[in-house]
1. What lysines sit close enough to Lys146 to cross-link, taking a C-alpha to C-alpha distance under 23 Å and skipping anything fewer than 8 places away on the same chain?
2. Quick one: Cα centre-to-centre distance for segment 3-43 and segment 73-147, in angstrom?
3. Just the number: Rg to Rh for the chain, Cα atoms, Kirkwood Rh, two decimals.
4. Where in segment 20-34 does the label zone of Ile139 land, with the point 7 angstrom along Cα→C-beta and an amide N cut-off under 14 Å?
5. So, taking all protein chains as they sit and a 1.4 Å probe, how much accessible area belongs to Tyr18, in Å² rounded to tens?
6. With labels modelled as points extended 7 Å from the Cα through the Cβ direction, what inter-label distance (nm, one decimal) is found for Gln37 paired with Phe105?
7. Just to confirm, what accessible area per residue do you get for segment 72-147 at 1.4 Å probe, in whole Å²?
8. Take every Cα-Cα pair in segment 75-147 and report what % of them are more than 21 Å apart.
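The values are calculated or read from the model by the stated rules, or taken from the named source; none is laboratory data. Source: prediction; values computed, not measured. Positions of Cβ are generated from backbone atoms using ideal geometry, with glycine treated the same way; all protein chains shown enter the neighbour counts. Quick note on the areas: whole protein, heavy atoms, side chains included, nothing else; ligands and nucleic acids left out. Shrake-Rupley method; radii C 1.70, N 1.55, O 1.52, S 1.80 Å.
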Amino acid sequence: MTNFIVKAFHELSGLELYEILRLRSEVFVVEQNCVYQDMDNKDQDSYHLICYRNNSIAAYARIIPAGISYNEVSIGRVVTAKNARGLGLGKDLMTEAVKICAELFADTQIRIGAQLYLLKFYNSLGFVEQGEPYDEDGISHIEMVKK
């Protein structure tokens, strides 16, 4: 069974925060071989969307209010656990994240910094690329906006 919860930073338990940071590290640092500062002082002002499957975190996204990463609301740190891939959770997670953005921040655009290889995935969710690809921590990214 899969379910989603969203929490502000101060609502996260120590265990939830640990599991989130562990998942982000497993995928972004170890699997993608990307040395970068994951804890960037944005978590404290963000909302944390957690997808649980069989009582463990299967996917996660961070929802960042406008004015922190971009002028617009942003969704970032989108990640699916290795053992939960291929189940459509990424699409479900992003659909839920967009819905939560609309609930929390009313009528607003959403800007993301997407890994370039996921361009078609984000296009399928209504995001449109803006600008040129850029390198972030050794991985090609592109900014995308959903109105």
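1. Output for Lys146: Lys7, Lys42, Lys91, Lys99, Lys120.
2. 16 Å
3. Using only Cα positions, Rg/Rh for the chain is 0.92.
4. Zone members listed by number: 23-34.
5. Rounded to the nearest 10, the figure is 130 Å².
6. Once both label points are built, they end up 2.3 nm from each other.
7. With all protein chains present, segment 72-147 gives 54 Å² per residue.
8. 27 percent
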